[in-house]
Amino acid sequence: MDRETGRPGTGLRTDRRTPLPGAVRTPRPRQPPGGPGAPPPPPARRPRRRGLRLLAAVGVGLLLAGGGVVAVDRLARDRAAVAPLTPAGRALAAAAAGRPAALGDLAALIGEREARVRRDPADRDAWAVLGAALAERAARSGAPGAHTEAERALQQALAGDGPADVRALTGLAVLAGARQDWAGAARWGEAARDRSPGRWTTYLVLLDAYRGAGNAKAADKALERLQELRPTPVAALAAAGAHRERGWREDAEATVYDAAARAATPAERAGALRRAGDLAWERGEAETALTRHEAALRAEPAHHPAAAGRARALAGLGRTEEALAAWARARALAPHPGYAVESGELLLALGRSGEAADHFSLARDQVAALARDGVRQEPLLGRLEADHGDPAEAVRLLTAEHRRHPGPAASDALGWALHRAGRSREALPRLRAAVKDGPNTALPAYHLGMAHLALGERGAARRQLERALRIAPEFSPLHAERTRRELAALGEPAWGPPPA
């Protein structure tokens, strides 16, 4: 009998990392056959776990992993007006199947619908498809102004009498999630779900909204419902994120490779390969991460998360000039302030502090531009202030963020800001929680080790700093080297009985 669900035979683990007796783990995929970037053959299917309590980590949100949010239930009129083999028709067909459209096809669909609403401003159906497509593009590109443009179109779709269009409601949920307004995303997503309970794409949006809001129980139910309604590669990526959050790395990798093998479009394949690259990077395998991210970029050259992943991997391999060029490419593809911060930290590690300051200034300008478009960036701005600005301001920003969206990531960010502000004793509970409840990555261990070091707790500091390097020896061009220096200064632990 399953202790959490009360149902027999679900196979749910009750511990984060310890398998049930008799459970067989899927071996972690290594360098796969079939040429560089090709995923290995999909492993044998594992029984689906129910009751997952931790959820997919999806950057801006689930759309960056390939959400396919313009999926519609009434495509007959669209297909009559647009031939399926045109770019706009391909975008609609991908959406109907729950797959991400190629960015070029998405742009064609937006152009076609913009022309339609110019001819007939009262066409609410066209406004709904246009608004949902604009919301997906805003979430995937992060371009300032894109979110406001999408919101206007979606509100036009809801204007007038008659029942609310479920596509417009879902689009507004996507838009709220892209703005990191998780309460708003949940509210609009629930309205869409109530209008059409069997529409599976709504649960993708709700999954991200509940995760962002820290509501693990509701997100758990959304993921289970999603898997019941449509076990697509997109749903597999969501499940892989849940496995990662629980520390089940082998399960996460197997699920991601399965999603890559089943991908039917280049955009869908790029999303899966990018996730595979991220997982390899987190376990310290920079060469494998580079191979995966480059394969993702071959599938979709404009996939900016893969471009950023490639830059990280190159930096980890010591190919710093190539890494700086790769960061420039990622920044050109999307004005994401996090990319400017990471490239600035690489420059700082290289001793080029003036150029690094320019990158940090660019990041602040991008945060301000996104704020004018309604996009919240407190987590990123708080980390920037903690490391390269005003730690007291970081504490203020991240305290409010932790209150709105609790969870391991928020605990780590707030704990690090407290440490940087000289409040290491207050930071310890937050940092311990992040290490204990998070996905076993290097940065939280480094943060906890540095807090212990500031308090003179040498043994605890050594354990956590060694753990960070054991997980990923090049987890940060700036902080990994400092970790090695601090460990060298600490020296080897003293042997013999403890002092009296």
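Quick one: how many residues across the range 367-388 are of a type outside the set (A, V, I, L, M, F, W, C) and modelled with pLDDT of 95 or more?
If we filter the range 367-388 for residues that are of a type outside the set (A, V, I, L, M, F, W, C), which is where we start, we get 372-374, 376-379, 382-383, 385, 387-388.
From what's left, modelled with pLDDT of 95 or more: 382-383, 385, 387-388.
Adding up the residues that qualify gives 5.
Scan (1) over 20 Å from the mean Cα position of the chain (by Cα); (2) assigned to a helix (DSSP H, G or I); (3) modelled with pLDDT of 95 or more for the single condition residue 339 breaks and write down its number.
(1)
Condition test on residue 411, is it buried (at least 20 other Cβ atoms within 10 Å of the Cβ) and closer than 21 Å to residue 312 by Cα? Step through it out loud before you land on a result.
Values: buried (at least 20 other Cβ atoms within 10 Å of the Cβ): yes; closer than 21 Å to residue 312 by Cα: no.
No; evaluated as a whole, the condition is false for this residue.
Looking at (1) modelled with pLDDT under 90; (2) surrounded by fewer than 24 Cβ atoms within 10 Å (Cβ to Cβ); (3) not in a helix (DSSP H, G or I), can you tell me which one residue 100 breaks?
It is condition (2) that residue 100 fails.
Of the residues that sit in the range 346-359 and are surrounded by 21 or more Cβ atoms within 10 Å (Cβ to Cβ) and not small (Gly, Ala, Ser), which one is nearest to residue 135 (Cα to Cα)? Steps first, answer last, please.
Taking the range 346-359 and keeping what is surrounded by 21 or more Cβ atoms within 10 Å (Cβ to Cβ), we get 346-347, 356, 359.
Among the residues that remain, those that are also not small (Gly, Ala, Ser) are: 346-347, 359.
Numbers: 346: 32, 347: 34, 359: 28 Å.
The qualifying residue nearest to residue 135 (Cα to Cα) is 359.
Here's a check for you: in the range 361-408, which residue that is surrounded by fewer than 19 Cβ atoms within 10 Å (Cβ to Cβ) and polar (S, T, N, Q) is nearest to residue 180 (Cα to Cα)?
If we take residues in the range 361-408 being surrounded by fewer than 19 Cβ atoms within 10 Å (Cβ to Cβ) and polar (S, T, N, Q), then 399 is nearest to residue 180 (Cα to Cα).
Select from the range 160-174 the residues that are surrounded by 12 or more Cβ atoms within 10 Å (Cβ to Cβ) and farther than 13 Å from residue 194 by Cβ and list them in ascending order.
So the first thing to find is which residues in the range 160-174 are surrounded by 12 or more Cβ atoms within 10 Å (Cβ to Cβ), and the list is 164-174.
Passing the criteria: 165, 167, 168, 171, 172, 174.
Within the range 104-121, is there a residue that is assigned to a helix (DSSP H, G or I), aliphatic (A, V, I, L, M) and either modelled with pLDDT under 85 or over 23 Å from residue 141 (Cβ atoms) (or both)? Walk me through it before giving the result.
Here is the first cut: in the range 104-121, the ones assigned to a helix (DSSP H, G or I) are 104-119.
Now drop any that are not aliphatic (A, V, I, L, M), which leaves 106-110, 115, 117.
Of the ones still in play, those that are also either modelled with pLDDT under 85 or over 23 Å from residue 141 (Cβ atoms) (or both) are none.
Within the range 104-121 (the criterion being assigned to a helix (DSSP H, G or I), aliphatic (A, V, I, L, M) and either modelled with pLDDT under 85 or over 23 Å from residue 141 (Cβ atoms) (or both)), the answer is no, since none of the residues qualifies.
The values are calculated or read from the model by the stated rules, or taken from the named source; none is laboratory data. If you're wondering where the values come from, they're calculated on a predicted model, not measured in any experiment. A quick note on method: Cβ atoms are made from the backbone with ideal geometry, for glycine too, and the neighbour counts reach across all protein chains shown.
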